[in-house]
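Below: one structure, written as structure tokens.
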Amino acid sequence: MRNRERVMLGSAAVLVAALGAVLLLWPSREASSPAAAPPVPNAGSGPVTAAQVSPKRAVPVRTPDPAPPRATVVPPSPGDVPPEPEVANAPPQQNDPIEEEKPQTARWKLEKTEHIATLLGRDVSRLEGERQEAKSRGDKARVEQVDALLKRHRVRLDELREEARTLAEAARNEPPEP
């Protein structure tokens, strides 16, 4: 119950502060009452000008500054070619034909798996270097983090190598591509 009392007390303090701010910032009735308005000098005689009718402002109206541009303008470097302007009634530009998707054969899968294994192997060697660096600095927390990453990466790398062996066998038994 002690925490609940603290929350209630804090809420009450926030409410009192908000009410105090509203009372301080709320326009007073004296300023907005018709009795406080300045008398019109030509009441009832002759034409009335806009300056006589418009209320006097105590604070000048400030126009907001224009927003800063969001795009960064980079001057063109030598060799840059500006794009050609679009022509209103020009025929649509012809796109290059879309190549048919290659069949996902065992050879294709083997190639992709070997590529992923290569990238993961690079990652493992990078992490080993990072681990040595953290060890030399004495950063035990980072060494533990890198060890966990290395363990996961090595398990995945072993899985990929096993999958590559299976795919290499399947690729040897596959008919050649036309």
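The values are calculated or read from the model by the stated rules, or taken from the named source; none is laboratory data. Computed from a predicted model, the values in this text were never measured in an experiment. Positions of Cβ are backbone-derived with ideal geometry, glycine not excepted, and every protein chain shown enters the neighbour counts. Protein only, heavy atoms only, side chains kept; ligands, DNA and RNA dropped before computing areas. Shrake-Rupley method; radii C 1.70, N 1.55, O 1.52, S 1.80 Å.
A few notes on this one:
- Scalar couplings 3J(HN,Hα) for the range 81-98, obtained by applying the Karplus form with A = 6.51, B = -1.76, C = 1.60 to θ = phi - 60°, are 10, x, x, 6, x, 6, 9, 4, 10, 6, x, x, 6, 7, 8, 5, x, 7 Hz; x denotes Gly and Pro.
- Sulfur and carbon atoms: percent of accessible area, the range 104-172 [1.4 Å]: 50 percent
- Packing, as the average of other Cβ atoms within 10 Å across residues, places the peptides 155-168, 128-141 in the order 155-168, 128-141, highest first.
- Taking all protein chains into account, the per residue accessible area for the range 104-172 stands at 71 Å² (1.4 Å probe).
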